[in-house]
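No value in this document is a laboratory result; all are computed from the given coordinates. Small disclaimer: the values here were computed from a predicted structure and weren't measured. Cβ placement follows ideal geometry from the backbone for every residue including glycine, while neighbour counts extend to all protein chains displayed.
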Amino acid sequence: MQMQFIRDWAASCVDQNLPPYDAQEIGPAIRKCDTERHVVDRVGLRRISAFCPEDSPTMQLILLIFSVFLLPAVDASLQCFNVHPSHAVSNSDPIVELFDVTAGECLNYCISNAASMGDGCSSVVFHRKHNTCQLYGHDGSFNGAQVVFIETHDFYIRSSWEGTCQDKTSPKRGYKQRPKQFSSPTFGQFENPLAISKNFQAQNNSIDLQLVPNFTENQFPTKNGESIPEPQPASLEAPEKTDKTAFRNPTHENQCSKNEKVSYFVLEGYRLSSDATPQLLNGVDQSSCIMYCSQNINAIGNVIPCYSVNFEPTNEVCKLYGKQQRELQSWAQVERDEEYTFADKFCLQTKKDCASESTYIVHLYKQMHKKIISYIPGLNSKVACLSECIDDINCMAVTYKPGLCILHSESPSTDSTVLVDGSEETMVIENGCQAFSAPPPPADIEESAEGGQWQEWSLCQYGVKNKRMRVRQRDCDDCEENLQMERC
């Protein structure tokens, strides 16, 4: 009865516009009445606001009920974080994303479970509207990441690694950013960051988190639907355009195993941002540039490990980059440059026999709403999402974000209008493996009866002004042409 009373009281006060209350004074000793705090009960986060005379008997009763019934239910992990309301991390992939959870469960997972999965957790972004959260191994400033204002999100940064805040086990892959850096005044630009009280008693309750989202009709498409409903404005809003971004690629080596195919993510209008001196090749097209990278050789045939390339189509300049230009072998720092195309090597294993050096165009910050084949929740790898598409005969492109993969039967290469703005985590990847099964050549360029026979058409590759081209040759001394080229 008393618990229901305080919940009803909290709900009745939620719309009042009152000044924030100092979190350090939460508890039985409270004698102030102006409050606006995030309080965690066993149901989740509730915004509590109140105003009443300081010596009001009603207020004394409320405070007594609050301290007796609510404080014991607050998770111990709250003492390990500072919260920055209405902020989130941009331009960075999380180490894990949780669905249908409360903020308290997310913070508990960060302390108790993340390290056992291999990654250290340093901060949490909670989406109040959809009850989802993203966990990060850094403080929001690592490798091009930014903390930005988003009304419906809250940013929790870990403030302690001692006592109950200590990781239950040592993370195998460590932290993206060294924990000792988190004590630095990184967030001085935020006004009044709210410190979570350290007066709470530890409760090491195990929690059973649902890692796969509960889809509803208003959130994600159904297989029978032709289009995906528009997300809410907060999630659909395109990120602010920046010159640099971090592109994640899980391939750790410059060579692939026998059962994998060397493949490339291609970002048109981007180049790798690096001060290092690359290996240069002049007078080559993009397919040749990629071939050198696949073979891990430079212009004179010397062996050099190649992980990615910058290609300048106008001047036919190819730049090969090695391992040292990739942050932790998983990230490439790229920036906008319309004169370049960036290609990043990765290893692909599928049921379908794709050609080596197949290219897969990536459209950052975009998504597709039409021609949906199916959706696959729970995928946290763009390579795994792409593999699902390649193994589906009807799939031409995917919309990917961490935790969700959507397959489409249309591609931006055939209809650019299918692309719409997405969030900082979404991207569209075209299925370059489709080029392996090239259509038959047009009738007007079929074999000539008078000359020698044409060889088989080559694979569709980028060759001329970033367009997919294929070529074929023949050996004929009396023929006017021995080379044919056409756009795929």
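Here are the numbers:
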| read-out | value |
| --- | --- |
| Net lengthening on full extension, Q146/E260 (0.36 nm per residue, minus Cα-Cα) | 37.6 nm |
| Cα-projected label distance for I300 with V471, points at 7 Å along beta-carbon direction, nm | 2.6 |
| Modelled FRET efficiency - R0 41 Å, S458 with S170, Cβ distances, 0.05 increments | 0.20 |
| Relative packing of 413-421, 302-310, which averages over residues the other C-beta atoms within 10 Å, highest first | 302-310, 413-421 |
| Members of K244/K366; K371/K401; K172/K244; K258/K352 lying beyond 20 Å, as alpha-carbon distances in this model show | K172/K244 |
